[in-house]
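To start, the structure itself, in structure tokens.
The values are calculated or read from the model by the stated rules, or taken from the named source; none is laboratory data. Since the model is a prediction, treat every value here as computed from it, not as a measurement. Cβ sites come from the backbone with ideal geometry, for glycine too, and all protein chains shown count toward neighbours. Areas reflect the complete protein model, heavy atoms only, side chains present, ligands, DNA and RNA absent. Shrake-Rupley method; radii C 1.70, N 1.55, O 1.52, S 1.80 Å.
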Amino acid sequence: MKALKQIREKLEELSLEGGIFFKPENRYYVSGFTGSTGYALVLKDKAYFITDFRYISQVKEECPDFEILEISTSKTLGDVLEELNLNSLGFEDDFMTVEGLQTLKKSYSGQLVAMKRFIENIRQIKREDEILLMKKAQSIADETFSYMLDFIKPGMSEREVYLELVTQLTQRGAQGESFKAIVASGVRGALPHGSATEKIIEKGDLLTLDFGCVYQGYCSDMTRTICVGKASEKQKEIYHVVLKAQKEALKAIKPGAICKDIDKVARDIITEAGYGENFGHGLGHAVGLEVHENPRLNMVDESILKAGMVVTDEPGIYIPGFGGVRIEDIILVTETGSEILSTSNKELIELEV
Ligand SMILES: [Mn+2]
């Protein structure tokens, strides 16, 4: 796989003989394996895939750089590692359970060292081939949004809209949703993470759709808030504050920028407009094989943006009893600035109903 060289350099840096990866996104990144059980073991000059009977042929197909080692009910992961005579092995301390670690220690006598999100850090910078897949995932979402603008009518329930959204994403080639889509209308728009209910969408409601899909493992993420009918002055006012914050923060996204400074650009605009209290979440997050990755564009993250990172810019205003607005784009940090991957219109859309 493309990542093996980088992983080996990092193992060397940490003075580890090898690293074992089984968090599904990391395992896929390291080995290409799409199944649900198995361990990718990367050593200095060899790579093994440790799995059971069910996945042997799949590993042969998906992981050509890996030699297969079989485990079973009578031969555990620890037994296999012990046989390989490895003195020090890195493990995913953010993913391994306490029980898993105890079981491993029963049969493996070498040193186990926490890798501290080792692969996640490598994953922050996307390769060209990964960027292409993310663009594809986002284009499926953009096309779906455009379809949904014709589909949505007053009188439908949020759930009906949700089901159609998922169908459309899937029909356009997505493996599935990258997270359970948010469909929140009217007063429910005040819930930043309001998933679809039986509530009927009414004429004049603001409707927030926050959704994404997965394409060959890679996630997209976008949010648009539309008005189902003509927007009131208050709805327009809030929309335009959020839009201004979103656009100004976009300009701040470039290599070398500090994450928390980008959050501040949007937060200051919303606060100055009098809605600071109504923007209770961070501005954005990185996206990749997982929909929420580091770095975070929030008030505390001091990470520096680098070319190849993909992040979201998604300010919102939520007013209990009234509703809410959130607008989210997904953006690639480039050598010279940024490229917006989401192409859907973000000026206020008032559906003709
Ligand atoms: Mn998001």
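Sparsely packed loop sites in the range 135-242 (the GluC sites (Glu not before Pro) outside DSSP H, G, I, E and B with at most 11 other Cβ atoms within 10 Å) comprise E198.
Taking all protein chains into account, the per residue accessible area for the chain stands at 44 Å² (1.4 Å probe). One quarter of the convex hull surface built on the alpha carbon atoms of the range 4-123 amounts to 6.6 nm², the projected area averaged over directions. Based on alpha-carbon atoms, the Kirkwood radius and the radius of gyration of the range 212-269 give Rg/Rh equal to 1.10.
Rolling a 1.4 Å probe over the protein heavy atoms of the chain, with every protein chain left in place, gives an accessible area that is 51 percent carbon and sulfur.
Taking the helices alone, the chain has a mean residue ellipticity at 222 nm of -10500 deg cm²/dmol, built from -39,500 (n - 2.57) per DSSP H run of at least 4 residues and averaged over all its residues. Pairwise alpha-carbon distances in the chain exceed 35 Å for 33% of all pairs. In terms of its C-alpha gyration tensor, the range 214-314 has an oblate overall shape, because the principal axis ratio a/c (a ≥ b ≥ c, square roots of the eigenvalues) is not below 1.5 and a/b does not outweigh b/c.
Could you tell me which of rounded, prolate or oblate describes the range 144-197, using a ≥ b ≥ c as the square roots of the eigenvalues of the alpha-carbon gyration tensor, with rounded for a/c under 1.5 and, failing that, prolate when a/b is larger than b/c and oblate otherwise? Oblate is the answer for the range 144-197, as a/c is 1.5 or above yet b/c matches or exceeds a/b.
Taking a ≥ b ≥ c as the square roots of the eigenvalues of the Cα gyration tensor, an a/c ratio of 1.5 or more together with a/b larger than b/c marks the range 1-72 as prolate. For the range 320-330, take each phi angle, set θ = phi - 60°, evaluate the Karplus expression 6.51 cos²θ - 1.76 cosθ + 1.60, and give the result in whole Hz per residue in order, putting x for glycine and proline. Listing the rounded values in order: x, x, 10, x, x, 9, 9, 10, 9, 10, 10 Hz.
Summarising the amide proton neighbourhood of A257: residues at separation of 5 or more, or on other chains, whose placed amide H is nearer than 5 Å comprise L305.
Using the Cα centre of the chain as the reference point, and only Cβ charges (+1 on K/R, -1 on D/E), how large is the resulting charge dipole? Debye, rounded to the nearest 20. Here the chain has a charge dipole of around 120 debye. Taking only Cα atoms and a 10 Å spring cutoff, compute GNM fluctuations for the chain and point out the largest among R117, R27, R188. Top of the fluctuation ranking is R117. Among the GluC sites (Glu not before Pro) found in the range 295-353, those both in a DSSP coil and sparsely packed, with 13 or fewer other Cβ atoms within 10 Å of their Cβ, are E302, E335, E347, E352.
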